[in-house]
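The values are calculated or read from the model by the stated rules, or taken from the named source; none is laboratory data. Predicted, not measured: the structure shown is a model, and the values here were computed from it. Note that each Cβ is placed from the backbone with ideal geometry, even for glycine, and that neighbours are counted across all protein chains shown.
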Amino acid sequence: MATRRLILLRHAKSDWHSGAATDFDRPLNHRGRRDAPRVGRWLHANNFYPDVIYCSSAARTRETLELIGSELDLADVEINYLGDLYHASEMEVVDIAEQQLLDHQSVMLIGHNPGFEKALLRLVPDVQIPSDGKLMTTCCVAVVDFDEFGTGSLTHLKRPDKS
């Protein structure tokens with residue numbers, strides 16, 4: 001089987017004080033709107049273009065996708081909004097990834113913690129936790145390559161920077 005790639009992207013920083021009626025409707029804050037395009041530029045610079053994107057249908061994940069897309073040409077990428085990714089559990093994230101990697105070489109999932117962080121730890125058991133103890137911070141992207149689905153290799157863990 002050819003190498004398969006999973007790109008996990010946690011949504012950018014959201015605005016807890018936005019006045020949104022529900023958690024689902026919470027938008028990004030200023031930092032989140034600044035960080036998401038940075039991650040999009042990094043994805044572009046490293047040629048990480050997924051075949052398909054599955055994005056949680058929550059407002060903050062949709063906005064994150066829109067902002068990374070402003071820096072990453074997604075015109076030919078199939079984009080799907082998936083309610084099941086809204087606060088998905090570790091196993092739900094792993095199941096979605098596994099199912100999509102059967103049909104696609106490169107899959108991006110955009111969603112939430114703690115499910116994304118726990119899924120990454122399950123997929124890459126030997127991943128090194130950063131010194132601050134936080135693995136999937138807001139707007140963090142993890143790139144995992146698989147020779148066969150099961151245990152993957154974490155090739156990149158990118159947090160937004162100040163560039």
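Looking only at the range 72-80, decide whether some residue is out of contact with any Asp or Glu (no Cβ under 8 Å at 6 or more places or on another chain), of a type in the set (A, V, I, L, M, F, W, C) and surrounded by 17 or more Cβ atoms within 10 Å (Cβ to Cβ). Within the range 72-80, one or more residues are out of contact with any Asp or Glu (no Cβ under 8 Å at 6 or more places or on another chain), of a type in the set (A, V, I, L, M, F, W, C) and surrounded by 17 or more Cβ atoms within 10 Å (Cβ to Cβ).
The set of residues in the range 89-129 being under 19 Å from His11 (Cβ atoms) and part of a loop (DSSP other than H, G, I, E, B) consists of Ser89, His112, Asn113, Pro114. For the range 28-45, the criterion of being exposed (fewer than 15 other Cβ atoms within 10 Å of the Cβ) and either in a loop (DSSP other than H, G, I, E, B) or among the hydrophobic types (A, V, I, L, M, F, W, C) (or both) is satisfied by at least one residue.
Inspect the range 71-88 for any residue being part of a strand (DSSP E or B), polar (S, T, N, Q) and closer than 24 Å to Asp15 by Cβ and give the result as yes or no. Don't jump to the end; show me each part of the working.
First, the residues of the range 71-88 that are part of a strand (DSSP E or B): 78-82.
Then drop every residue that is not polar (S, T, N, Q), which leaves 80.
Then keep just the ones that are closer than 24 Å to Asp15 by Cβ; that gives none.
No; the residues of the range 71-88 include none that is part of a strand (DSSP E or B), polar (S, T, N, Q) and closer than 24 Å to Asp15 by Cβ.
Being surrounded by fewer than 18 Cβ atoms within 10 Å (Cβ to Cβ) and either modelled with pLDDT under 95 or of a type outside the set (A, V, I, L, M) (or both) is the filter here, so list the residues in the range 52-61 that pass it. Once the filter is applied, which keeps residues that are surrounded by fewer than 18 Cβ atoms within 10 Å (Cβ to Cβ) and either modelled with pLDDT under 95 or of a type outside the set (A, V, I, L, M) (or both), the range 52-61 yields only Ser57.
Residue-by-condition table, conditions (1) more than 21 Å from Arg26 (Cα to Cα); (2) touching a residue at least 24 places away in the same chain (Cβ under 8 Å):
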{"position": "Arg62", "(1), (2)": "no, no"}
{"position": "Leu72", "(1), (2)": "yes, yes"}
{"position": "Tyr81", "(1), (2)": "no, yes"}
{"position": "Glu92", "(1), (2)": "yes, no"}
{"position": "Ala97", "(1), (2)": "yes, yes"}
{"position": "Gln100", "(1), (2)": "yes, yes"}
{"position": "Ser106", "(1), (2)": "yes, yes"}
{"position": "Leu109", "(1), (2)": "no, yes"}
{"position": "Asn113", "(1), (2)": "no, yes"}
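Listed here are the residues, each with its yes/no results for (1) of a type outside the set (Ser, Thr, Tyr); (2) closer than 25 Å to Arg41 by Cβ; (3) in contact with a helix residue (DSSP H, G or I) (Cβ under 9 Å, 6 or more places away or on another chain).
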position	(1), (2), (3)
Arg62	yes, yes, no
Val77	yes, yes, yes
Asn80	yes, yes, no
His87	yes, no, yes
Asn113	yes, yes, no
Arg159	yes, yes, yes
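Does at least one position in the range 142-152 carry a residue that is part of a loop (DSSP other than H, G, I, E, B), crowded, with 20+ Cβ neighbours inside 10 Å and at pLDDT below 95?
Yes, some residue in the range 142-152 is part of a loop (DSSP other than H, G, I, E, B), crowded, with 20+ Cβ neighbours inside 10 Å and at pLDDT below 95.
Per the conditions (1) touching a Ser or Thr at 6+ places or on another chain (Cβ under 8 Å); (2) over 28 Å from Pro125 (Cα atoms); (3) surrounded by fewer than 16 Cβ atoms within 10 Å (Cβ to Cβ), the sole criterion not satisfied by Ser18 is (1). Out of curiosity, is Ala12 crowded, with 16+ Cβ neighbours inside 10 Å, at negative phi and either outside any loop (DSSP other than H, G, I, E, B) or among the polar types (S, T, N, Q) (or both)? Judged against the criteria, Ala12 is not a match.
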